[in-house]
Amino acid sequence: MFHFSNIVRTKGDPKIVEGGPSLKQPADQLARALGWFSIGLGVVELFAPRRVTHTLGMEGHETLVRTFGVREIVAGIMSLSVDKNAGLWARVGGDGLDAAALLSGLTADNPKKGNIALALLMVGGIAVLDYRAAQDTKPQRPPRDARRKLYPNRSGFPKGIESARTAARQIAAHAKTNEVKQGDERRVP
Amino acid sequence: MKALVWHGKEDIRCDTVTDPEIQDPRDAIIKVTSCAICGSDLHLFHNFIPGMLPGDIMGHETMGEVVEVGSGVDGKLKKGDRIVVPFTIICGECDQCKRGNFSVCETTNRKRHLADKVFGHTTAGLFGYTHLTGGYPGGQAEYLRVPFADATHIKVPPGIPDEQLLFLSDIFPTGWQAAAQCDIEPTDTVAIWGCGPVGQMAIRSAILLGANQVIAIDCLPERLSMAEAGGATTINFETESVVERLQELTDGRGPEKCIDCVGMEAHVMPSLPDTLLDRAKQMVMAESDRPHVLREMIYVCRPGGIISVAGVYSGLSDMLPMGAFMNKGLTMRTGQTHVNRWTDDLLRRIEEGEIDPSFVITHTVPLAQGPEMYQVFRDKRDSCVKVVLKP
């Protein structure tokens with residue numbers, strides 16, 4: 001990507017000669033891939049629900065598929081954001097809902113139950129990836145009850161806070177006196 | 001040279017890049033001796049502020065030694081001079097610079113057509129801070145080209161360590177302006193939201209400007225302890241109600257002056273539903289900022305009071321209580337700080353030992369460790385408040 005931006009960079013500005021290591025981990029790449037997959041699947045579910053229900057032999061459930069589509073898009077956007085961990089856990093939950101919905105269609109009289117079984121297998125595989133990515137992208141923030149260093153001696157005032165306050169008060173008093181004097185002078189006819 | 005380079009959301013790398021060159025007679029090149037990661041760099045790290053391109057060098061808190069000057073610098077700088085580089089690039093000649101409004105210099109944004117479109121009018125060029133403000137390479141690097149160097153510098157004397165001077169580049173004058181534009185009076189209570197580096201500077205500035213009481217609001221124990229050390233009464237917003245505590249501490253009147261040192265990435269908490277909604281909208285790009293602090297300040301500020309905004313906002317903020325703002329007769333003052341307006345006074349205060357801004361530094365590491373320090377600073381790991389990088 002930087003090769004492209006090097007082209008548009010102002011002449012004379014530094015250009016990258018050799019790239020350093022990236023902060024991105026494989027789990028971040030996986031989260032990104034799952035995010036885009038989620039958005040893609042969501043768009044199909046939202047705009048072509050009949051095709052989905054027909055493939056699965058679950059006609060009549062178009063509204064449910066559309067709802068799932070919206071859920072997929074939201075989870076996908078979250079997975080691509082800085083809060084990707086929340087997005088990935090939302091996807092794990094969504095996988096559960098998908099599996100439950102598919103199981104409800106796995107009846108003896110459904111002529112497309114083979115497709116449902118295949119879809120269940122896919123949901124299972126994706127769920128494993130979602131779970132793995134969610135585990136690996138856990139925020140690194142220390143827990144609330146973690147021991148933290150405190151800085152009670154860092155006042156920033158080498159002469160002490162009281163000295164700073166006193167100096168400020170003296171300046172304010174001096175300014176006030178000047179104001180009063182100037183006011184008196186103005187009142188003189 | 002080595003430099004910290006933006007490659008995308010949450011992806012900053014220590015790359016090898018070509019050395020900067022003199023591009024204009026008014027340029028100078030400095031060898032960077034110290035630079036720092038600013039809280040607003042995290043907005044770029046998260047890609048919340050538009051206009052970054054892969055390959056952009058980060059950093060706008062920098063100081064160093066002049067190693068080369070252009071022919072138009074007119075003797076104002078020479079090789080070997082020690083300078084702090086203000087994050088705002090200024091020409092010193094335009095109408096705004098002459099008025100002291102340096103952060104809205106009309107000359108230095110070399111991509112002003114973008115700023116004109118987005119903000120209505122251009123603001124000053126900034127180092128390492130998106131192409132909306134000129135796309136100038138930043139100072140988290142071994143060398144930095146300083147455009148308009150004859151005006152864009154703060155000459156500093158030898159004998160004072162970098163750590164005491166470096167923050168003249170941004171956070172000290174930012175905190176100072178935040179307090180100064182409150183017109184603090186000796187009877188005033190000043191409430192400051194956010195105890196990050198700018199908040200800490202604002203606390204000290206409010207004390208030096210004579211506030212009767214300074215109240216600092218945050219949720220991190222290390223930052224609250226540092227705020228208390230600086231003379232503030234503290235409120236932990238995770239364990240107590242900010243509005244109730246402020247009312248208590250001001251006998252029900254509300255603070256006369258409120259300072260926002262948080263900006264567009266306010267803390268998100270289930271107990272504050274507006275923050276959840278803001279985060280959701282920000283995620284789908286329906287809102288660029290999370291202005292919880294602005295809402296709270298407008299609600300709690302004493303009628304007739306002043307709201308000072310030092311925290312960075314990038315675009316659109318929803319649901320601001322304009323009814324309360326108008327009916328309470330509040331005044332809001334904002335802006336990137338006009339660094340050079342304040343630095344003569346602040347440098348004198350440092351030299352006289354009135355204040356030592358190095359109190360805020362918690363981590364000093366080599367430049368190459370910069371990328372991981374972005375993560376440590378963002379996640380508040382290891383009680384991190386301020387990171388200084390040594391190229």
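Quick note: the coordinates plus some simple rules give every number you see, no bench work behind them. Values in this document were obtained by computation on a predicted structure and should not be read as measured data. We place every Cβ from the backbone using ideal geometry, glycine too, and count neighbours over all the protein chains shown.
For the range B:115-191, what class follows from the C-alpha gyration tensor (a ≥ b ≥ c being the square roots of its eigenvalues): rounded when a/c is under 1.5, otherwise prolate if a/b is larger than b/c, else oblate? Here the range B:115-191 falls in the oblate category. Projecting the Cα atoms of A:LEU80, B:ILE171, B:GLN200 onto the dipole axis of the protein assembly as shown, where Lys and Arg carry +1 and Asp and Glu carry -1 at the beta carbon, places A:LEU80 farthest toward the positive end. Among A:ARG51, A:ARG147, A:ARG91, the residue with the largest mean-square fluctuation in a Gaussian network model of chain A, with springs joining Cα atoms closer than 10 Å, is A:ARG147. Database remark: amide H of B:THR33 closer than 5 angstrom to the amide H of B:MET63, B:GLY64, B:GLU65 (H placed geometrically; neighbours at sequence offset of 5 or more, or on other chains; Pro and chain starts carry no H).
Would you mind classifying the range B:306-381 by shape? Square roots of the alpha carbon gyration tensor eigenvalues, ordered a ≥ b ≥ c; an a/c under 1.5 is rounded, otherwise it is prolate if a/b is larger than b/c and oblate if not. It is oblate, given that a/c is not under 1.5 and a/b is not larger than b/c. Computed from point charges on the beta carbon alone (+1 for Lys and Arg, -1 for Asp and Glu), the dipole magnitude for the protein assembly as shown about its Cα centre is near 240 Debye. Only the Cβ atoms of Lys and Arg (+1) and of Asp and Glu (-1) were treated as charged; on that basis the dipole of the range B:321-391 about its Cα centre amounts to roughly 380 debye.
Partner shielding of A:71-79 amounts to 1, given as the average count of beta-carbon atoms from other chains within 10 Å of each residue beta-carbon. The angle separating the long axis of helix A:62-80 from the principal Cα axis of greatest extent in chain A is about 40 degrees.
Highest mean packing first, where packing is the average number of other Cβ atoms within 10 Å per residue, the peptides B:374-381, B:267-274 line up as B:374-381, B:267-274.
Estimated from helical segments only, the mean residue ellipticity of the protein assembly as shown at 222 nm is -13000 deg cm²/dmol, where each DSSP H run of four or more residues counts as -39500 (n - 2.57). Decide, for the range B:241-391, between rounded, prolate and oblate: order the square roots of the alpha carbon gyration tensor eigenvalues as a ≥ b ≥ c, take rounded if a/c falls under 1.5, and otherwise choose prolate if a/b is larger than b/c, else oblate. Since a/c reaches 1.5 but b/c is at least a/b, the shape of the range B:241-391 is classed as oblate. If you take the Cα centroid of the range B:198-221 and the Cα centroid of the range B:286-332, the two points sit 19 Å apart. Sort out for me the Cα centre separation of the range B:1-38 from the range B:133-159, rounded to whole Å. Comparing the Cα centres of the range B:1-38 and the range B:133-159, I get a distance of 10 Å. Residues A:SER22, B:SER205, A:SER155, arranged from fewest to most other Cβ atoms within 10 angstrom of their Cβ, appear as A:SER22, A:SER155, B:SER205. For the range A:24-136, what relative contact order do you get, as a whole percent, if you take Cα pairs closer than 8 Å and at least 6 residues apart? Computed value for the range A:24-136: 30 percent relative contact order.
The Cα-based radius of gyration of the range B:174-334, divided by its Kirkwood radius, gives an Rg/Rh of 0.94.
Remark: mean inter-chain Cβ contacts per residue of B:6-15 equal 6, using a 10 Å Cβ-Cβ cutoff to other protein chain atoms.
Once the Cα atoms are used to define both axes, helix A:26-47 deviates from the longest principal axis of chain A by about 60 degrees. In this structure, the amide hydrogen of B:VAL146, modeled 1.01 Å from its nitrogen in the peptide plane, lies closer than 5 angstrom to those of B:ALA28, B:ILE29, B:ILE30, counting only residues at least 5 positions away or on a different chain. Measure nothing but the geometry: give the 0 to 90° angle between the long axis through the Cα atoms of A:161-187 and the longest principal axis through the Cα atoms of chain A, rounded to 10°. Between the helix axis and the principal axis of chain A, the angle is about 60 degrees. In terms of other Cβ atoms within 10 Å, B:SER71, A:SER79 run from fewest to most in the order B:SER71, A:SER79.
In terms of surrounding Cβ atoms within a 10 Å radius of their Cβ, B:PHE127, B:PHE172, B:PHE359 rank from fewest to most as B:PHE359, B:PHE127, B:PHE172.
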